[in-house]
Amino acid sequence: MATSNYIRTILEKTGIFPDARIEEASAAIAEGHLTPGEAAVQAGISETAFLEALAKVLRMPYLRLKGREIDAEILACLPTKAVFQYQVIPLAMENETLRVAVSDPFTTGLIDSLRLAAGCRVKLALSPLEDIGDAARAFYGVGAETVDRMILDNRYEELADEQIAKSDLSELDQEASIVKFVNQIIREADRQGATDIHFEPMENRLRIRYRIDGVLHETPVPVQLIRFQAAIISRIKVMANLDIAEKRLPMDGRIGLRVEGRNIDIRVSTMPTVYGESVSLRLLQSGTQLITIEDSGMSDTDSSTVRRLIHRPNGIILVTGPTGSGKSTSLFGYLQELNRTDVRIMTAENPIEYEMSGVNQVLVRPEINLTFARVLRSFLRQDPDIIMVGEIRDLETAEIAIQASLTGHLVFSTLHTNDASGAFTRLVDMGVEPYLVASAVEGVIAQRLVRRLCSSCRKSVPLPEADILADIRFPTDRLDKQEVFEADGCDTCRGTGFRGRCGIFEILPVSEQIQSLVTGRHSAGEIKQQALREGMHTLRDDGWAKVMKGTTTIEEVLRATEDNQD
């Protein structure tokens, strides 16, 4: 066992550990309360700098594991259980000695345990704990030690009749293996900032994918997971209070969980497929900090236009875009700006994605006939100033929203259309009279989300060929330099080159000319051309502006938008 005195001597020899913290840190490390990296961070030193200095004192290699390839034969030298229990990664075989990366070389009995597990001599190298954790998940799979134990035990526990209330995942690690595995998948998705988790049965495996910053990433899982597919899906259905015996019909449910002290509301959707039920989880974090208009990535000109629209006394403001384009986030940003003690705001939502203090929020529940239209009709008897309807889905909801706007209320809602001008024709197609649409709608905001380049590692590159730029209508004449930025990848962004997302916008205020076109049942294209003549810029134009500022890439804008300016 590493004694406190020995560790104190080692910390002193590094030359970078503060003398005032050495006594306390050495005792905490010896007793197993802190890892050396954690002790360094508490003392105001970065883990990487400290481990590098510690490696020189202990005469061990210091290695970063990001992007490192390790042979399957080497990975098999240590059992999965040992890798996750001791938080180590086997790296290479050197003269019949296994080199193993660790972040805490002072762990009691570490060398002996690893030697016994590997069946050969072991030498250590130091690596940051995050590198080891990422490598373990990448090479062995999320929850690999849990799956390994289920296979060794040749059993699993399926709690078919259990009803799950809100519980903290960190307190469930000692539960049944299937329970623990599902918890690990959700916790890892939360750690990576995923908005969705997809469990997708395939012919020979169960694929699990996370949607991070709007892009799907397959998460590594043990290949043996297919053996426990039915149990995993049943566990999720139990958590969502769904009928585990019904496998023929799509079902929807909800799970309320706490992850590291934070409430997470999870929407669950199941769908029968050829190889079993596909399950999708949408992660919604309660109490998430609402973004402001400026935080969304809006330009100064656009934010001024939006503020003029949302501060109108009445009318309908529509936010359009596909699922996952940030419409609800934007709406609550607008409501946050309008939320005052002298303003009564009521919302009808399904689900309630953000909880806002001072706002009367109603959860729409179609299964008991509490529809958007019924809630909206009741709102008119509640003396609101501002109404927000989660989505206009049918003629009845559209007509009541228009009636509310024409009787002195400011109404916010969303529509699924490709661009701003398409909102007018969508309402008319629903059956709303064109003159009512023209009178009620004051403005339409179309939006998409693009990934934001990581500011720590983005790199400038020359512009593509001129014919390519001409084909996508990239405005090279507005560039100061003939270069743009592209993604690279670093520790900060976990090697993706992107960190977070920002919006691109197409804002269409309704003028008299546009009202005339709507009343005359003109096409969305004609309405759009008139809006462009009045100064509106398209989604792609706004995307190009963010490319030129170095916020995102040309590829991201092309992925999120379509060129329909003609």
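The values are calculated or read from the model by the stated rules, or taken from the named source; none is laboratory data. Worth saying up front: this structure is predicted, and the values here are computed from it rather than measured. FYI the Cβ positions are ideal-geometry reconstructions off the backbone, even for glycines, and counts take in every protein chain you see. Remember, those area values only see protein heavy atoms, side chains included, never the ligands or the DNA or RNA. Shrake-Rupley method; radii C 1.70, N 1.55, O 1.52, S 1.80 Å.
Side notes on the structure shown:
- Test for residue 461: is it farther than 29 Å from residue 378 by Cα, surrounded by 17 or more Cβ atoms within 10 Å (Cβ to Cβ), hydrophobic (A, V, I, L, M, F, W, C) and at pLDDT below 90: no
- Selection within region 207-235 - at pLDDT 90 or above, over 18 Å from the mean Cα position of the chain (by Cα) and under 16 Å from residue 138 (Cα atoms): 207
- Among the residues listed as 200, 260, the single one being open to solvent by 30 Å² or more (accessible area, probe 1.4 Å) and at pLDDT below 85: 260
- Residue pairs whose Cβ atoms lie under 6 Å apart, separated by 6 or more positions or on different chains, with the first residue in region 299-326 and more than 21 Å from residue 501 (Cα to Cα) and the second open to solvent by less than 60 Å² (accessible area, probe 1.4 Å) and assigned to a helix (DSSP H, G or I), are 310/334; 314/405; 315/405; 316/405; 316/440; 317/309; 318/423.
- Residue within region 292-308 that is more than 26 Å from residue 556 (Cα to Cα) and of a type outside the set (A, V, I, L, M, F, W, C) present: yes
- Selection from region 215-240 of residues that are open to solvent by 20 Å² or more (accessible area, probe 1.4 Å) and among the small types (Gly, Ala, Ser): 230
- Close contacts from region 518-535, counting a first residue that is under 19 Å from residue 442 (Cβ atoms) and a second that is crowded, with 17+ Cβ neighbours inside 10 Å and hydroxyl-bearing (Ser, Thr, Tyr), with Cβ to Cβ under 7 Å and a gap of 6+ residues or different chains, come to 524/421; 524/425; 527/421; 528/421; 531/421.
- Between 341, 273, the distinction of being out of contact with any Gly (no Cβ under 9 Å at 6 or more places or on another chain), surrounded by fewer than 18 Cβ atoms within 10 Å (Cβ to Cβ), modelled with pLDDT of 90 or more and not small (Gly, Ala, Ser) belongs to 273 only.
- Among the residues of region 378-390, those that are surrounded by fewer than 19 Cβ atoms within 10 Å (Cβ to Cβ), out of contact with any Asp or Glu (no Cβ under 9 Å at 6 or more places or on another chain) and of a type outside the set (A, V, I, L, M, F, W, C) comprise 378, 381, 382, 383.
- Taking region 10-99 as the region of interest, the helices (runs of 4 or more DSSP H) fully inside it that hold 1 or more residues being closer than 18 Å to residue 114 by Cβ and of a type outside the set (Lys, Arg) are 36-42, 47-58, 72-75, 80-86.
- Of everything in region 395-437 that is of a type in the set (Gly, Ala, Ser) and free of Cβ contacts under 8 Å to residues at least 60 places away in the same chain, the residue that is surrounded by the fewest Cβ atoms within 10 Å (Cβ to Cβ) is 431.
- Every condition in (1) farther than 21 Å from residue 133 by Cβ; (2) part of a strand (DSSP E or B) is met by residue 210 except one, and the failing one is (1).
- Options 15, 44, 32, 37; residue that is of a type outside the set (S, T, N, Q), surrounded by fewer than 17 Cβ atoms within 10 Å (Cβ to Cβ) and under 22 Å from residue 133 (Cβ atoms): 32
- Subset of region 547-561 [farther than 19 Å from residue 322 by Cα and not in a helix (DSSP H, G or I)]: 549, 550, 551, 552, 553
- Residue 133 being part of a loop (DSSP other than H, G, I, E, B) and either surrounded by fewer than 20 Cβ atoms within 10 Å (Cβ to Cβ) or among the hydrophobic types (A, V, I, L, M, F, W, C) (or both): no
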